[in-house]
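Below is one structure, written out as structure tokens; comments come after it.
The values are calculated or read from the model by the stated rules, or taken from the named source; none is laboratory data. Being a predicted model, the structure only gives us computed values, none of them experimental. Virtual Cβ from ideal backbone geometry, glycine too; neighbours counted across all protein chains shown. When the accessible area is computed, the model is the full protein with side chains, heavy atoms only, and any ligands, DNA or RNA have been set aside. Shrake-Rupley method; radii C 1.70, N 1.55, O 1.52, S 1.80 Å.
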Amino acid sequence: MEHELTHPVRAGRRRVLITGAGGQLGRALCEAFGAEDVVPLTHADWDVTQPPGDAVSRGMLDLVLHAAAWTDVDGAEADPQGAAAVNVGGTAHAAALGAPLVTYSTDYVFDGRKREPYVESDGPNPLSAYGRTKLHGEAAAGPDAWILRTSWLFGATGHNFLRTMLRLGAERDEVAVVGDQRGCPTYVGHLASATRELADGGLPRGVWHVAASGDCTWADFAEAIFAEAGLDCRVRRISTEELGRPAPRPAYAVLRSERSGAPVLPHWRDGLRDCLAALVTT
């Protein structure tokens with residue numbers, strides 16, 4: 001591992017370790033916590049399926065932001081043990097560092113049958129192997145972690161729906177997109193800012209629902225992406241059954257918080273505009 005954590009922390013700055021620092025959320029967290037003494041660890045620096053090496057000093061961290069995750073929903077159906085090694089074992093290894101921990105979970109811990117927003121007290125019932133590993137990862141984080149359940153992440157980097165639609169919209173006249181799954185597309189920059197708000201605000205540990213305001217279907221989101229980006233591409237709405245993906249998805253996975261003081265994120269359309277603006281500068 002390249003990063004030594006044993007040098008002294010600069011006065012007034014927290015030592016913040018970020019796992020998955022090469023991914024879209026990890027990069028956003030590095031930016032949001034840029035004023036702190038950040039230790040960004042990519043997969044090459046620390047494969048979280050393995051216990052941390054000697055270079056990670058357990059006594060020198062003020063905060064751990066655990067963004068490393070297996071996010072291939074369909075791939076988890078084919079390799080549930082691999083997904084669990086990352087999402088459950090990796091979270092346990094991050095918790096074992098002994099510092100206050102923020103970890104990230106998903107709307108896919110719910111089955112989507114409620115048809116009104118899910119809040120923290122709703123019982124989870126994941127439909128997929130991916131959802132089960134994320135739910136078990138929540139338990140692996142322990143009772144003293146902040147567990148942020150979020151939804152449909154997108155950003156200016158990495159692999160995500162928005163970047164895929166921008167590519168396809170530039171190549172094609174029409175794309176087929178699922179129109180019967182509803183959620184809250186969440187810009188990683190807004191989630192990173194909310195993470196800082198939560199960690200700085202002295203809010204209680206436990207599960208928090210932190211997702212964009214508003215909700216839409218994937219097809220709605222695609223249409224908004226094309227409109228905001230000025231792409232002349234039609235969206236043909238199809239059903240989840242027509243798409244035929246290996247992993248079942250919740251049909252309705254809108255997240256809202258019932259907890260006092262929960263961060264309120266901007267509307268997903270504002271996240272879309274902010275993300276497109278960030279893409280121009282990258």
Of the conditions (1) modelled with pLDDT of 95 or more; (2) of a type outside the set (Asp, Glu); (3) assigned to a helix (DSSP H, G or I), the single one that Leu198 does not satisfy is (1)
In the stretch 110-151, the residues that are of a type outside the set (A, V, I, L, M), surrounded by 21 or more Cβ atoms within 10 Å (Cβ to Cβ) and in contact with an Asp or Glu (Cβ under 9 Å, 6 or more places away or on another chain)
Phe110, Tyr118, Ser128, Tyr130, Gly131, Arg149, Thr150, Ser151
Of all strands (runs of 3 or more DSSP E) completely enclosed by the stretch 12-99, which ones contain at least 2 residues that are open to solvent by 20 Å² or more (accessible area, probe 1.4 Å) and of a type outside the set (Gly, Ala, Ser)?
37-41
Yes or no: the stretch 159-175 includes at least one residue that is crowded, with 17+ Cβ neighbours inside 10 Å, basic (Lys, Arg) and either within 30 Å of Asp37 (Cα to Cα) or under 14 Å from the mean Cα position of the chain (by Cα) (or both).
no
Of all residues in the stretch 107-146, which are touching a strand residue (DSSP E or B) at 6+ places or on another chain (Cβ under 6 Å) and within 18 Å of Ala212 (Cβ to Cβ)?
Asp107, Phe110, Gly112, Tyr118, Glu120
Open to solvent by less than 30 Å² (accessible area, probe 1.4 Å) and over 22 Å from the mean Cα position of the chain (by Cα) - does that describe any residue in the stretch 250-264?
no
What do you reckon, is Leu148 within 18 Å of Thr71 (Cβ to Cβ), in a strand (DSSP E or B) and at pLDDT 95 or above?
yes
